[in-house]
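Reading through the structure tokens given below for one structure.
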């Protein structure tokens with residue numbers, strides 16, 4: 001499977017994408033010309049171009065999808081969570097949850113592992129610790145968590 | 001249930017990316033952003049002495065998250081940027097057919113098509129069939145009768161933010177739903193051409209979206225099945241049109257499965273593969289996710305879940321329970337004493353359409369029948385309205401309660417289940433009425 005995460009440092013554009021389509025479930029061509037391409041949208045508004053894309057081929061494209069990442073709360077374990085919890089989705093999903101008690105965060109991490117998260121068993125406790133500390137009932141409120149991060 | 005994948009370190013898991021560069025990329029992302037995006041405000045305390053800072057939807061209706069703009073869409077409430085999850089703001093429900101540009105979006109996996117080449121795209125039917133077939137987009141247009149159905153598409157977890165204790169998942173307000181006129185070909189017309197072999201148990205549907213997880217893991221692909229003997233198959237449409245236009249990419253271009261009366265979990269977007277199975281589908285998305293407690297209200301308790309004795313049923317096998325909503329007034333401004341207004345809203349059900357909607361302006365003590373708007377079919381939103389003149393200034397609790405074609409009525413008590421699914425409690429809209437002087 002050919003995957004690429006390319007960071008285009010120019011301006012504020014960062015692309016997260018696939019150069020080739022993922023392997024279709026039943027082999028052969030599936031018409032997927034481009035998939036999983038995202039671009040950082042620092043303005044919060046990638047302006048729509050109209051008419052888009054301005055050609056009459058058989059390929060129907062909508063361009064890149066905007067990324068609007070929310071930084072994680074700063075603290076020990078943050079880097080682990082950033083690397084293991086951003087493979088399949090943005091870490092925004094973490095801060096978008098209610099303040100769960102530790103046992104719920106533990107179950108969430110187990111659920112992610114069941115879904116396919118390649119988290120080594122010996123790192124689970126550290127990850128759960130970080131989540132319950134910062135996103136548990138007594139964690140830092142989300143707004144200040146955002147302000148304090150940004151390495 | 002296998003947890004083996006969890007033991008695989010990232011280097012050996014088939015991901016070509018070193019973890020470092022991903023982390024570095026995120027640092028760049030965060031650095032480029034400069035400041036944090038506004039996060040949901042902790043809106044209301046939850047009856048535990050005001051100590052809780054759990055986030056609840058603001059005026060009890062939509063999730064309180066910032067809006068985001070994505071291709072082909074108006075600004076919608078952004079619950080997740082990757083994968084894309086967007087909620088429809090309440091004012092769009094003023095129209096019985098939800099505009100395509102405001103229709104909600106929900107993906108599980110983030111490798112979402114950006115571009116599809118119709119000259120190469122095919123819809124294939126395979127597996128336990130007499131004749132495996134492939135259809136191009138133009139064959140779907142020219143070789144099959146075109147049919148239409150107006151149907152509500154609602155996420156199984158719509159309104160999840162109301163569950164208490166709170167449960168993990170997308171924290172939807174009420175906007176994880178929409179109503180559209182879907183036009184396309186009958187699923188049965190395609191199946192008849194392919195010929196289901198005897199003893200086919202299930203039909204599995206899969207689209208072009210996938211995930212960055214290793215092949216074989218649930219987060220690599222999302223597929224859902226319907227029972228091969230489910231009568232709903234006769235109503236299913238493979239839609240190439242939504243409200244008379246091509247489907248927006250994020251709503252499933254070029255075609256999506258429409259399963260009228262059922263939750264969106266089985267309305268597969270970018271539908272490309274239909275597979276007939278000689279055995280039931282035992283995948284994660286059928287057996288672990290989207291399971292409802294097997295009782296009429298789909299209710300349970302944390303204790304019953306912990307006991308391991310809870311019996312569940314696949315959400316895709318059941319009709320959506322009856323619901324109704326206020327669209328106007330929405331509480332965003334005060335009403336004026338003795339100034340007549342119209343209370344109006346929508347209702348729907350997966351069981352035989354809407355028979356009646358009752359409205360209360362006194363917190364549920366007395367109820368009046370609302371007038372129903374024209375009928376767009378049993379699977380559509382049904383508009384309702386009731387004239388009302390608040391006589392005195394004060395605070396009013398408006399409620400609406402629908403009964404469906406099978407006689408089911410919305411409950412007045414909350415339910416709880418661990419997935420946060422199938423919420424359909426009677427809605428309350430608080431409004432303030434001011435002095436007219």
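Each reported figure results from applying straightforward, stated rules to the coordinates on display, with no laboratory input. From a predicted model like this one, the values you see are computed outputs, not experimental measurements. Quick reminder, even Gly has a Cβ in these numbers, built from the backbone with ideal geometry, and neighbours come from all protein chains shown.
Table for the structure above
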| quantity | calculated |
| --- | --- |
| Rounded to whole Å, sorted largest first: equivalent-ellipsoid semi-axes of segment B:240-301, Cα gyration tensor | 27, 17, 10 |
| Average beta carbon contacts from partner chains per residue of B:76-82, 10 Å cutoff | 6 |
| Inter-chain Cβ neighbour average for residues B:120-129, partner chain, 10 Å | 3 |
| Largest-first principal axis extents, alpha carbons of segment B:354-426, Å | 41, 33, 17 |
| Packing-based exposure ordering (other Cβ within 10 Å, fewest first) of B:313, B:327 | B:313, B:327 |
| D (Stokes-Einstein, µm²/s), Kirkwood Cα radius, segment B:47-182, 1.306 mPa s at 10 °C | 90 µm²/s |
| As computed over segment B:172-264, the Cα convex hull volume per residue (Å³) | 136 Å³ |
| Rel. contact order, % - alpha carbon contacts under 8 angstrom, at least six apart, chain B | 14 percent |
| Peptide-level mean, for B:160-170, of C-beta atoms on other protein chains within 10 Å | 3 |
| Segment B:260-383, Cα convex hull volume normalised per residue, Å³ | 200 Å³ |
| Rg(Cα) / (2.2 N^0.38 Å) computed for segment B:343-384, rounded to two decimals | 1.20 |
| Protection proxy ranking, peptides B:211-220, B:192-201, average beta carbon neighbours within 10 Å, highest first | B:211-220, B:192-201 |
| Rounded tilt (10° steps) of B:19-33 against the dominant C-alpha axis of chain B | 40 degrees |
| Sorted largest first, extent of segment B:11-437 alpha carbons per principal axis (Å) | 74, 52, 47 |
| Using distinct alpha-carbon pairs, which all enter the 1/r mean, Kirkwood radius of segment A:78-149 in Å | 12.4 Å |
| Dmax and Rg, reported as Rg then Dmax, of segment B:386-437 (C-alpha, Å) | 15.7, 50 |
| Neighbour-count order for B:87, B:435, B:145, B:427, fewest beta carbons within 10 angstrom listed first | B:145, B:435, B:427, B:87 |
| Order of B:242, B:287 - criterion: other Cβ atoms within 10 Å of each residue's Cβ, fewest first | B:287, B:242 |
